[in-house]
Protein chains: 10
Amino acid sequence: MLYHVRMDVHPPRDIDAAAFDALKAAEKARAQDLQRSGAWRHLWRIAGAYANVSVFDVPDHDALHAILSTLPLFPFMEIEVTPLARHPSALA
Amino acid sequence: MLYHVRMDVHPPRDIDAAAFDALKAAEKARAQDLQRSGAWRHLWRIAGAYANVSVFDVPDHDALHAILSTLPLFPFMEIEVTPLARHPSALA
Amino acid sequence: MLYHVRMDVHPPRDIDAAAFDALKAAEKARAQDLQRSGAWRHLWRIAGAYANVSVFDVPDHDALHAILSTLPLFPFMEIEVTPLARHPSALA
Amino acid sequence: MLYHVRMDVHPPRDIDAAAFDALKAAEKARAQDLQRSGAWRHLWRIAGAYANVSVFDVPDHDALHAILSTLPLFPFMEIEVTPLARHPSALA
Amino acid sequence: MLYHVRMDVHPPRDIDAAAFDALKAAEKARAQDLQRSGAWRHLWRIAGAYANVSVFDVPDHDALHAILSTLPLFPFMEIEVTPLARHPSALA
Amino acid sequence: MLYHVRMDVHPPRDIDAAAFDALKAAEKARAQDLQRSGAWRHLWRIAGAYANVSVFDVPDHDALHAILSTLPLFPFMEIEVTPLARHPSALA
Amino acid sequence: MLYHVRMDVHPPRDIDAAAFDALKAAEKARAQDLQRSGAWRHLWRIAGAYANVSVFDVPDHDALHAILSTLPLFPFMEIEVTPLARHPSALA
Amino acid sequence: MLYHVRMDVHPPRDIDAAAFDALKAAEKARAQDLQRSGAWRHLWRIAGAYANVSVFDVPDHDALHAILSTLPLFPFMEIEVTPLARHPSALA
Amino acid sequence: MLYHVRMDVHPPRDIDAAAFDALKAAEKARAQDLQRSGAWRHLWRIAGAYANVSVFDVPDHDALHAILSTLPLFPFMEIEVTPLARHPSALA
Amino acid sequence: MLYHVRMDVHPPRDIDAAAFDALKAAEKARAQDLQRSGAWRHLWRIAGAYANVSVFDVPDHDALHAILSTLPLFPFMEIEVTPLARHPSALA
């Protein structure tokens with residue numbers, strides 16, 4: 001099933017730079033693993049913002065929550081989830 | 001270039017049913033043509049709403065506006081456009 | 001899967017009273033059928049409002065959208081859908 | 001009487017990890033006691049968020065406030081309370 | 001139990017003046033009956049607005065909803081309900 | 001004259017517990033004095049929130065501001081003031 | 001006492017032009033009478049909007065409500081009232 | 001002086017098409033006159049919306065209001081005005 | 001030209017009390033100088049808030065910005081500016 | 001292609017003054033380079049705010065994001081991007 005997810009990242013001002021770089025590297029590795037597995041189907045940057053729009057393809061709500069809540073940057077994210085149904089005018 | 005577009009349709013209460021059905025059929029035909037041409041890359045229904053989330057792939061802002069502003073249901077739509085850039089963690 | 005749904009009904013001021021009563025009776029019959037089938041698991045009135053809070057248990061987003069978008073009062077409803085996951089502290 | 005309650009948890013960034021784990025364990029124990037007693041009738045996780053939707057069944061507003069305001073995570077919560085009445089179309 | 005209720009009245013522009021006067025007279029009679037019975041404990045006009053702030057004292061949510069949803073002006077009202085608990089610093 | 005006042009308290013996370021307890025005790029003493037004098041006519045807790053709804057009866061805006069701005073917890077409060085006029089349907 | 005009042009006028013689209021002109025003339029006459037009497041102390045147009053910012057000087061909330069609720073354009077206005085106290089840095 | 005102005009056009013659903021076309025032609029003629037005179041310095045379409053972002057260069061607030069409030073489409077516009085000052089990093 | 005300005009002051013919780021008192025004294029002196037010069041024409045306290053409503057009379061936007069951005073409390077202020085035009089019903 | 005960008009700067013209260021001055025100087029140099037290159041076509045200060053309205057002229061969304069996300073003050077900015085299309089009434 002598909003879920004539309006918007007994530008806005010609010011890194012704390014006083015976070016240690018090296019620690020945050022490590023978190024970002026871990027986040028990137030995780031995001032790429034999930035893309036390879038097919039769970040994180042689309043990932044786009046919102047121009048001008050530290051934010052992304054994504055589409056996830058996972059079996060159910062629990063699977064989605066398990067992924068999102070364990071992202072390395074989850075503690076610094078504001079997340080909005082929208083369930084996507086098939087559109088009657090969609091070709092594919 | 002990619003644009004994230006959310007469209008919410010607010011059909012007027014007192015519209016003639018046959019006229020509105022004709023508009024919806026025209027909208028569907030248009031949406032499918034644009035999907036075949038590659039301009040309307042993704043089209044999903046937001047579950048529980050008369051609304052969609054779409055991704056368009058067009059050369060520039062004028063091309064996007066030309067498409068959106070001539071959709072048969074445009075007069076009844078509330079539209080929100082977000083420019084999408086490449087995400088540094090995206091594989092594809 | 002569970003979905004939290006809030007529905008606010010905005011009946012048009014100038015609707016024919018008998019036609020609206022018929023719609024409400026159809027809505028009630030539909031709501032009770034769906035409760036009997038187990039799809040509409042909870043249905044509560046928000047005190048002081050023409051609105052309800054509901055929990056649906058359906059296989060996927062498409063099933064949810066199929067139900068909501070064919071409710072007799074759907075054209076007059078503002079609907080907000082929230083996917084519910086299992087809570088780690090929940091007993092049942 | 002039934003109350004719909006949404007709780008969003010905003011843990012402070014600089015809280016001591018062990019202290020926060022202890023609070024979370026206390027919160028879980030409290031939530032489970034209240035579920036066993038019947039006061040906390042439903043508890044669901046909102047997918048993708050550090051938040052829950054709950055339904056409480058307590059004698060009155062004072063009882064609800066006494067429970068919510070003494071939850072171990074109360075100082076870090078944003079809480080929204082909605083009184084639920086019986087819906088005329090509800091079966092149970 | 002006490003409930004804080006704010007009601008904003010939005011009379012339709014095209015309503016028949018005599019019909020609306022009759023509704024307002026019925027609303028006033030109802031409000032005064034409910035004040036005499038003790039259910040509508042306080043009723044204040046918000047200065048500059050067609051709106052009121054009220055406090056109701058009724059046995060439960062169903063009683064509150066029964067009163068509010070049958071007010072003659074209910075179809076034209078936007079209503080916000082807030083449950084009030086005893087304040088630890090209140091004398092009375 | 002009557003003023004409807006809503007106060008939401010946002011205690012800073014890092015305040016010294018003993019200092020805050022002293023402030024709360026001073027706030028309570030002040031609230032009770034003002035209730036005895038008749039200036040703070042009603043004081044209710046909003047269920048589930050660190051907030052109250054109050055009604056003040058004071059001679060004018062300056063008197064109201066003098067009271068609110070010297071409350072011991074004023075630096076931590078978000079305050080909303082609404083002037084209340086007599087309602088034409090009010091009995092008392 | 002002083003009150004800050006913002007009024008936004010939303011004339012209905014289908015109002016009879018002559019009837020609306022008569023209302024505007026009556027509103028202007030009323031506004032000028034109230035300025036002469038000293039009750040409507042300031043009246044400014046918000047640039048680019050069918051709206052004004054005003055300051056009223058009246059004895060109490062009831063007097064303010066009596067004035068505002070009988071303005072000829074009141075049925076088409078959205079009004080926001082803010083009580084003004086003396087500022088400690090104000091000279092006059 | 002420069003003013004940033006955003007205009008959103010909300011044409012009424014039931015307006016006569018020929019009458020609205022005439023208004024749009026008048027609006028266009030007016031906009032082009034004002035551009036030629038230098039008062040309407042910039043005019044851009046917001047992609048996907050019946051809205052524009054403009055910059056006006058006029059002597060004062062009264063001049064701006066005189067222009068905006070007499071635009072042929074003014075009755076159908078929602079307008080937001082922001083005064084622009086010189087930016088210390090601007091070259092021109 | 002006249003500008004309506006609302007200023008909300010948000011003093012940081014951890015500011016040094018003596019330093020803040022010095023800033024407030026400087027702000028007061030500045031506000032009184034500007035009132036004497038005629039630039040700060042009106043200054044009112046919003047009852048119950050650490051906020052004011054003001055009217056400035058200055059030659060242009062740059063002059064307004066120069067004044068506001070150098071107020072001693074500017075770093076702690078949220079400021080909203082509205083240009084005021086002459087109202088057709090205003091006497092003075 | 002043109003993009004309308006609003007940037008609000010929220011400097012952290014506890015930032016080192018010299019470090020922040022250095023960032024501001026770097027921001028100014030960057031802004032002037034980009035103006036000279038033609039990418040940052042307009043830059044205006046919003047009167048009364050630590051904020052600007054800008055228009056960028058860049059080849060695509062990626063180019064815009066590359067510029068905005070590397071501005072020296074980017075970590076302290078709230079940014080809103082709006083794609084601008086050609087307006088049918090625009091002369092130039």
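The values are calculated or read from the model by the stated rules, or taken from the named source; none is laboratory data. From a predicted model like this one, the values you see are computed outputs, not experimental measurements. All Cβ positions, glycine included, derive from the backbone under ideal geometry; neighbour counts span all protein chains shown. Side chains are part of the model used for accessible areas, which takes the heavy atoms of the whole protein and leaves out ligands, DNA and RNA. Shrake-Rupley method; radii C 1.70, N 1.55, O 1.52, S 1.80 Å.
Here the 3J(HN,Hα) profile of the range I:74-80, calculated from phi with Karplus coefficients 6.51, -1.76 and 1.60 at θ = phi - 60°, is 3, x, 10, 10, 9, 10, 10 Hz, Gly and Pro shown as x. Within the shell of other residues whose beta carbon sits under 12 angstrom from the beta carbon of B:Asp21, the net charge comes to 0, with Lys and Arg scored +1 and Asp and Glu -1. Assign one of three labels to the range D:41-92, namely rounded, prolate or oblate, based on the Cα gyration tensor with a ≥ b ≥ c the square roots of its eigenvalues; rounded applies when a/c is under 1.5, prolate when it is not and a/b is larger than b/c, and oblate otherwise. Oblate, since a/c reaches 1.5 and b/c is not below a/b. Only protein heavy atoms count here, probed at 1.4 Å, and on that basis chains E and F bury about 2400 Å² of accessible area in total.
Dipole magnitude for the protein assembly as shown: computed about the Cα centre from +1 point charges on Lys and Arg Cβ and -1 point charges on Asp and Glu Cβ, it is near 0 debye. The Cα center of the range I:1-45 and the Cα center of the range F:1-76 differ in position by 25 Å. Counted by Cβ distance under 13 Å from E:Leu34, the other residues give a net charge of +1, where Lys and Arg count +1 and Asp and Glu count -1.
When chain H is treated as a GNM with alpha-carbon contacts under 10 Å, the residue of H:Ile67, H:Ile15, H:Ile79 showing the greatest mean-square fluctuation is H:Ile15.
Calculated mean residue ellipticity at 222 nm for chain H: -10000 deg cm²/dmol, from DSSP H runs with n ≥ 4 weighted as -39500 (n - 2.57), summed, divided by the residue count and rounded to 500.
With a 10 Å cut-off around each Cβ of B:37-45, the average count of Cβ atoms from other chains is 5.
Simple rule: put +1 on each Lys or Arg Cβ and -1 on each Asp or Glu Cβ in the range J:2-84, find the dipole, and look at J:His10, J:Ile79, J:Ala29; the Cα lying farthest toward the positive end is J:Ala29. Distances between placed amide hydrogens fall under 5 Å for A:Trp40 paired with A:Gln35, A:Asp57, all partners being 5 or more residues away or on another chain.
Placing pseudo-labels 7 Å out from each Cα toward the beta carbon at F:Lys28 and B:Ala22 gives an inter-label distance of 7.3 nm.
Residues in the range J:2-84 average 42 Å² of solvent-accessible surface per residue, probe 1.4 Å, ligands and nucleic acids excluded. Sequence-distant contacts, meaning Cα pairs under 8 Å at least 6 residues apart, place the relative contact order of the range D:2-84 at 52 percent. Rounded to the nearest 20 debye, the dipole size of chain C about its Cα centre is 340 debye, using +1 on the Cβ of Lys and Arg and -1 on the Cβ of Asp and Glu. For the protein assembly as shown, the square roots a ≥ b ≥ c of the C-alpha gyration tensor eigenvalues yield an a/c under 1.5, which makes the shape rounded. Could you work out what % of the accessible surface of chain C is carbon and sulfur, using a 1.4 angstrom probe and leaving DNA, RNA and ligands out of the count? Carbon and sulfur: 55 percent of the exposed surface of chain C. Couplings for the range E:85-92, taken from phi via the Karplus curve 6.51 cos²θ - 1.76 cosθ + 1.60 with θ = phi - 60°, read 9, 5, 8, x, 9, 6, 7, 9 Hz in order; Gly and Pro are left as x. Label the range C:1-46 by shape, choosing from rounded, prolate and oblate, from the square roots a ≥ b ≥ c of the eigenvalues of the Cα gyration tensor; if a/c is under 1.5 it is rounded, and otherwise prolate applies when a/b is larger than b/c, oblate when it is not. Judged from the Cα gyration tensor, the range C:1-46 comes out oblate (a/c at least 1.5, b/c at or above a/b).
When Rg and the Kirkwood radius Rh are both evaluated on Cα atoms of chain J, their ratio Rg/Rh stands at 1.00. Sequentially through the range E:35-42, phi angles give Karplus couplings (6.51, -1.76, 1.60; θ = phi - 60°) of 5, 4, 6, x, 6, 9, 6, 9 Hz, Gly and Pro residues having no value and appearing as x. For G:His87, the residues whose amide H sits under 5 Å from its own are I:Arg45, ignoring neighbours fewer than 5 places away on the same chain, with H placed 1.01 Å from N. Summing +1 for each Lys or Arg and -1 for each Asp or Glu among the other residues whose beta-carbon sits under 15 angstrom from that of B:Met77 gives +1.
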